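The structure appears below as structure tokens.
The values are calculated or read from the model by the stated rules, or taken from the named source; none is laboratory data. Source: prediction; values computed, not measured. Here the Cβ positions follow ideal geometry from the backbone for every residue, glycine too, while neighbour counts run over all protein chains shown.
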Amino acid sequence: MEASRIAIPIGTALDRFIKNNQDQFQYASGELSQLLRDIALASKVVNREVNKAGLIDIMGAMGSQNSGGEQQQKLDVLANIRFTRALAKGGEACALISEETESYVDLNNDGNYVIAIDPLDGSSNIDVNVSIGTIFSIYRRKSKEGMPIQELDILQRGAEQVAAGYILYGSSTMMVYTTGHGVNGFTYESTLGEYVLSHPDMKMPIDGNIYSINEGLANTFSPSIKSYLEFCKGNNYSARYIGSLVADFHRNMLKGGIYLYPATIKNPSGKLRLMYECNALAFIAEQAGGKATDGTNRILEILPRDLHQRTPFFVGSKNMVEKAESF
Ligand code: AHG
Ligand code: MN
Ligand code: MN
């Protein structure tokens, strides 16, 4: 029988929260806690840079391309450096998968954890002062520690995540994460330099009336997606689309809604990346009572064949995702 837990009050600092909950984790050695703290610290640095974006020369394109052949923004590159350094420092991580690097980055062979990260999500919104984010997934390695990393450590199903989260650099900055025991949200208090618990045990409404999709691409969607969109309009749903996945997901998580990025003619497997965009949000959605699929399969069950694999993505309130699937 599990010992009864005293509810952790709103206002609790993230570090204390992580420490208090460490024993929920089966390998409670403190390494995962340290990784979460390292991610939080790096996000504070990125937050500082995001907030100054208009004042210093960090807006605009780098002139280079990322793993998906997309234009890298200066902040994409900067955020990637900040998170990579923070995660390499403590030695807990053996490998890092990032949107910004073609192949995975080898870290400490003695480390037990593999991290997948989208350092800056929504980069087309950087220059126009619209919310952007960071998305991360954490896995235990499968091979023995001390050995070089193998493919089975890297290409794990989302169901094997031990923790996942996102940071939203929005009207306030928030870190939301799960270790498989519910979802908690922390708001950054900049004068204290601390994340404090503001959204304990987050639950996604089971139903909603917001649909989030880039409807400008509708001509290139399948007939079933088109008829689902007609259904949304027939029911007077609200269309809300920021173009930053983290921000769209977060809104739907709080208000109830569905986010859709289906297959298009340009991206026949969808646009979003399984390993560092969809898996983390799918894990969080499920932990909050929501649902995530590729149209037929549970996102968390998909076995990745490639680091940068794309997938159609339907995530949000359980009833809404099920309704969309029925089309
Ligand atoms: P990233 O900035 O990490 O490349 O991700 C952009 C993603 C996601 O954040 C967003 O929901 C989606 O691209 C928007 O795509 P469209 O512009 O095609 O709608
Ligand atoms: Mn992204
Ligand atoms: Mn990105």
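Screening Gly68 with (1) within 20 Å of the chain's Cα centre (by Cα); (2) buried (at least 21 other Cβ atoms within 10 Å of the Cβ) gives one miss only, at (2).
The set of residues in the stretch 78-129 being out of contact with any helix residue (DSSP H, G or I) (no Cβ under 9 Å at 6 or more places or on another chain) and either in a strand (DSSP E or B) or of a type in the set (Ser, Thr, Tyr) (or both) consists of Ser103, Asp106, Ser124.
Exactly one residue among Ile138, Ile117 is surrounded by 22 or more Cβ atoms within 10 Å (Cβ to Cβ), within 16 Å of ligand 3 (Cβ to nearest atom) and at pLDDT 95 or above, and that residue is Ile117.
Quick check on the stretch 283-306. Is at least one of its residues within 16 Å of ligand 3 (Cβ to nearest atom) and within 17 Å of the chain's Cα centre (by Cα)?
In the first step, residues of the stretch 283-306 are kept if they are within 16 Å of ligand 3 (Cβ to nearest atom); the result is none.
No.
Where strands (runs of 3 or more DSSP E) sit wholly within the stretch 161-270, those with at least 3 residues that are of a type in the set (A, V, I, L, M, F, W, C) occupy 161-169, 173-178.
Taking the stated definitions as given, is Ile39 of a type in the set (Val, Ile, Thr), touching a Ser or Thr at 6+ places or on another chain (Cβ under 9 Å) and more than 20 Å from Asp153 (Cα to Cα)? Can you show your working first?
Numbers: of a type in the set (Val, Ile, Thr): yes; touching a Ser or Thr at 6+ places or on another chain (Cβ under 9 Å): yes; more than 20 Å from Asp153 (Cα to Cα): yes.
It is true that Ile39 is of a type in the set (Val, Ile, Thr), touching a Ser or Thr at 6+ places or on another chain (Cβ under 9 Å) and more than 20 Å from Asp153 (Cα to Cα).
Filtered by the rule that a residue be more than 9 Å from ligand 1 (Cβ to nearest atom), within 24 Å of Ile126 (Cβ to Cβ), surrounded by fewer than 24 Cβ atoms within 10 Å (Cβ to Cβ) and of a type in the set (A, V, I, L, M, F, W, C), the stretch 239-277 gives Ala239, Leu254.
When the residues of the stretch 130-153 are filtered to those that are part of a loop (DSSP other than H, G, I, E, B) and among the β-branched types (Val, Ile, Thr), which remaining residue is nearest to ligand 1 (Cβ to nearest atom)?
First, the residues of the stretch 130-153 that are part of a loop (DSSP other than H, G, I, E, B): 130-131, 141-150.
Within this subset, residues satisfying the condition of being among the β-branched types (Val, Ile, Thr) are 130, 149.
Values: Val130: 11, Ile149: 24 Å.
Filtering the stretch 130-153 for residues that are part of a loop (DSSP other than H, G, I, E, B) and among the β-branched types (Val, Ile, Thr), the one nearest to ligand 1 (Cβ to nearest atom) comes out as Val130.
Of the numbered criteria (1) buried (at least 18 other Cβ atoms within 10 Å of the Cβ); (2) under 17 Å from the mean Cα position of the chain (by Cα), the one Gly182 fails is (1).
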